[in-house]
Structures are given as C-alpha cells and as structure tokens.
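Here the structure comes first, spelled out in structure tokens, and everything after it is commentary.
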Amino acid sequence: FYAAVTSEDTSSNYSWCDTGGGVFRGYSTEVFGYPRVRLTTATPSSLQQGRTYSIVLAGQNFQAGTVTTTGTGITWGTPTVNTCGQVTVSATVAANAPVGARDLSYTRTVDSVKGTATSLVTIVADTTPPATPTNPIRTDR
C-alpha cells in the first residue's frame, strides 16, 4: 500500500516536500510500506515435547522472515515461503519444554514488520510410553 498525507496552512497553501526524486507540491509527509503480516493458523498446532515438526503457517503478506514464540523450548528453522499466504517452517521442541499455549510471531526480513497471533501453538506433554526392557527367554538351559 501507499499513503500520502498533505497539509495546508490557513490560506490553503500546500507544503512542499523533497522526496529524493525532486520537489513535489502538496505532500508534506509520505508513508509507505508493505501490508502487515497476519497469522491465522499453524498446522499442526499441538506440539509434543521432544519432537521435530514441519509446520505450515497460514495467513497473509508473508515474505522471507523469521519465526519466534513466547516462552522457551522451541527452536525454529528458516521458513520457506510457499505463497504470500503460506509458509513452512521446522520446529524442534525440547524434551523439557514447558507445556502450554504460545504466541507465535513472524517477522519479515525486508522491513522488520512483525505479525503476532495469540496462543497459535500449544506444547503438550510427551505421550510416548517409556521403553520397557525385555528379558529374552534362554532356550539353551
């Protein structure tokens, strides 16, 4: 998007602004940038302790960037932008990561604009049963 803001004095005289490419009558301030990143879903959104995942983030306005979450215990890989509405990223959850919901943020590299979604992923306890030792039966006795 692109926005331009003009200002006038009481005599309807517009201000002048040099934007680097010349002087333009009528623009006192110019603001431009990319639309804000929006996160809507993470699939999967329930992440078990001690596992590694390939997570698909859906939303809007993705470009190259980074992923972060609140709390500790998740290591994020480098995201791959599939489309402007979808990113895939690896996440490794530590075996001792605290359980609970996490806010997830995506920050674009090009302009450092960050989008955050509240409680987008949840760390859950490891449900893998512990390994049971086996005692082989000896048949040579």
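The values are calculated or read from the model by the stated rules, or taken from the named source; none is laboratory data. All values reported here derive from a predicted model rather than from experimental measurement. As a convention, Cβ positions derive from the backbone with ideal geometry for all residues, glycine included, and neighbour counts pool all protein chains shown. Remember, those area values only see protein heavy atoms, side chains included, never the ligands or the DNA or RNA. Shrake-Rupley method; radii C 1.70, N 1.55, O 1.52, S 1.80 Å.
Collect the residues in segment 77-108 that are open to solvent by less than 40 Å² (accessible area, probe 1.4 Å) and hydrophobic (A, V, I, L, M, F, W, C), keeping them in residue-number order.
First, the residues of segment 77-108 that are open to solvent by less than 40 Å² (accessible area, probe 1.4 Å): 77, 79, 85, 87-89, 91, 93-94, 97, 100, 102, 104-108.
Result: VAL87, VAL89, ALA91, VAL93, ALA94, ALA97, LEU104.
Considering only segment 114-130, state which residues are open to solvent by 30 Å² or more (accessible area, probe 1.4 Å) and outside any loop (DSSP other than H, G, I, E, B). Spell out how you get there, then give the answer.
Filtering segment 114-130 for residues open to solvent by 30 Å² or more (accessible area, probe 1.4 Å) gives 114, 116, 118-119, 122, 124-130.
Within segment 114-130, LYS114, THR116, THR118, SER119, THR122, VAL124 qualify.
Right, ASP111: among the charged types (D, E, K, R), open to solvent by 60 Å² or more (accessible area, probe 1.4 Å) and not in a strand (DSSP E or B) or not? Explain how you work it out, then say what you get.
On the way: among the charged types (D, E, K, R): yes; open to solvent by 60 Å² or more (accessible area, probe 1.4 Å): no; not in a strand (DSSP E or B): yes.
No.
When segment 107-130 is examined, which residues are found to be closer than 27 Å to ARG36 by Cβ and of a type in the set (Ser, Thr, Tyr)? Spell out how you get there, then give the answer.
If we filter segment 107-130 for residues that are closer than 27 Å to ARG36 by Cβ, which is where we start, we get 107-123.
Hits for segment 107-130 are THR107, THR109, SER112, THR116, THR118, SER119, THR122.
Could you count how many residues in segment 59-68 are in a strand (DSSP E or B) and open to solvent by less than 30 Å² (accessible area, probe 1.4 Å)?
Pass one, segment 59-68, residues in a strand (DSSP E or B): 59-60, 65-68.
Filter again for open to solvent by less than 30 Å² (accessible area, probe 1.4 Å), leaving 59, 65, 67.
Within segment 59-68, residues that are in a strand (DSSP E or B) and open to solvent by less than 30 Å² (accessible area, probe 1.4 Å) number 3.
List the pairs whose first member sits in segment 83-106 and is in contact (Cβ under 8 Å) with a residue 24 or more places away in the chain and more than 14 Å from VAL37 (Cα to Cα), whose second member is of a type in the set (Lys, Arg) and open to solvent by 60 Å² or more (accessible area, probe 1.4 Å), and whose Cβ atoms are under 7 Å apart, counting only residues at least 6 apart or on separate chains?
Close Cβ pairs (under 7 Å, with a partner that is of a type in the set (Lys, Arg) and open to solvent by 60 Å² or more (accessible area, probe 1.4 Å)) amount to VAL93/ARG51.
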